[in-house]
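Shown next, in structure tokens, is the structure this report addresses.
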Amino acid sequence: MPLLEARGLSVRLGGREVLHKIDMAIAPGEIVTVIGPNGSGKSTLLRALIGAVSIENGNVFRKKDLRIGYVPQRLGLEPAMPMTVRRFLGLPKRLSAKACQELLARVEGQGLADRQMSQLSGGQFQRVLLARALASEPEILILDEATQGLDQPAVAAFYQLIERLARDLNCAVLMVSHELHVVMRASDRVICLNGHVCCQGAPTVVSAAPEYRALFGDSAATLALYQHQHDHNHEDVRSRVPVGAAEH
């Protein structure tokens with residue numbers, strides 16, 4: 001049974017159709033990455049899947065009582081407002097010191113609990129956001145360009161952490177990324193989006209597709225050499241819990 005599925009999903013924002021008839025599904029344990037040019041609707045797709053954006057047409061199906069951990073693309077915090085990492089992780093429900101330390105250890109953020117959020121580096125900040133997303137013991141982690149603004153070593157380290165967490169916690173991952181070389185190495189499946197699904201499948205399949213080459217160029221096809229070796233049985237079972245457009 002898929003954890004999360006969209007059928008015929010269309011979204012209109014500001015009078016413009018941003019997403020058109022999207023069909024996709026995420027199976028337990030798999031790592032799926034959404035790629036596409038700026039303005040292709042990647043972030044809107046993630047927000048529609050979690051119910052943060054209204055759907056014009058189509059449906060989203062979620063496993064009953066699905067636990068979702070979400071890491072947004074940006075989080076605006078007032079720099080002048082004093083807030084420690086420990087306090088941030090305890091919003092809205094207070095966490096014990098032990099629970100806070102355990103969450104930070106999961107994301108290799110030991111020693112950050114008493115640091116001010118405003119004093120964290122970009123990589124540390126993203127690890128804290130990730131720790132907060134893990135507090136609900138998610139069955140699926142959804143990350144919206146979580147490495148934006150990080151340098152290349154920090155990007156590589158972050159994605160290695162995501163792969164380890166997916167394995168250790170046995171959770172699925174759905175992420176938006178523009179790091180094509182990492183996508184091809186770290187993903188089981190890639191969805192190429194440009195307002196609609198241009199193509200989707202294993203990294204080697206997508207990188208060979210004409211639609212992918214049209215968006216990213218022929219040279220991008222060589223990135224498929226970094227295919228992630230991760231085997232899952234994606235059984236298609238039709239028993240789902242519907243979340244209709246009216247509920248969003």
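The values are calculated or read from the model by the stated rules, or taken from the named source; none is laboratory data. None of the values given here were measured: they were computed from a predicted structure. Here the Cβ is made from the backbone with ideal geometry for all residues, glycine too, and neighbour counts use every protein chain on show. For accessibility, only protein heavy atoms count, side chains too; no ligands or nucleic acids. Shrake-Rupley method; radii C 1.70, N 1.55, O 1.52, S 1.80 Å.
Worth pointing out:
- Subset of the stretch 136-157 (residues that are within 16 Å of residue 168 (Cβ to Cβ) and buried (at least 17 other Cβ atoms within 10 Å of the Cβ)): 138, 139, 140, 141
- Flag for residue 163 being among the acidic types (Asp, Glu) and modelled with pLDDT of 95 or more: no
- Residue check, residue 127 free of Cβ contacts under 8 Å to residues at least 40 places away in the same chain, within 29 Å of residue 6 (Cα to Cα) and crowded, with 19+ Cβ neighbours inside 10 Å: yes
- Test: residue in the stretch 154-172 that is of a type in the set (Ser, Thr, Tyr), farther than 20 Å from residue 25 by Cα and touching a residue at least 12 places away in the same chain (Cβ under 8 Å): yes
- Hits in the stretch 167-208 (condition: open to solvent by 50 Å² or more (accessible area, probe 1.4 Å), part of a loop (DSSP other than H, G, I, E, B) and in contact with a helix residue (DSSP H, G or I) (Cβ under 7 Å, 6 or more places away or on another chain)): 194, 208
- Some residue of the stretch 133-147 being of a type outside the set (Val, Ile, Thr), under 23 Å from residue 87 (Cα atoms) and part of a helix (DSSP H, G or I): yes
- When the stretch 53-81 is filtered for residues that are hydroxyl-bearing (Ser, Thr, Tyr) and farther than 17 Å from residue 6 by Cα, only 70 remains.
- Every pair of residues 6+ apart whose Cβ atoms lie under 9 Å, when the first sits in the stretch 24-52 and is among the acidic types (Asp, Glu) while the second is surrounded by fewer than 19 Cβ atoms within 10 Å (Cβ to Cβ): 30/230; 30/232; 30/234
- Any hit, the stretch 8-19, residues being touching a helix residue (DSSP H, G or I) at 6+ places or on another chain (Cβ under 9 Å) and open to solvent by 50 Å² or more (accessible area, probe 1.4 Å): yes
- In the stretch 93-106, residue least open to solvent (accessible area, probe 1.4 Å) [restricted to those that are within 22 Å of the chain's Cα centre (by Cα) and of a type outside the set (D, E, K, R)]: 104
- Looking only at residues in the stretch 64-92 that are under 19 Å from the mean Cα position of the chain (by Cα) and buried (at least 19 other Cβ atoms within 10 Å of the Cβ), the one that is farthest from residue 159 (Cα to Cα) is 68.
- Qualifying residue in the stretch 29-52 (condition: of a type in the set (Lys, Arg) and assigned to a strand (DSSP E or B)): no
- Within the stretch 1-22, if we keep just the residues that are touching a residue at least 40 places away in the same chain (Cβ under 8 Å) and out of contact with any strand residue (DSSP E or B) (no Cβ under 6 Å at 6 or more places or on another chain), the residue that is farthest from residue 197 (Cα to Cα) turns out to be 1.
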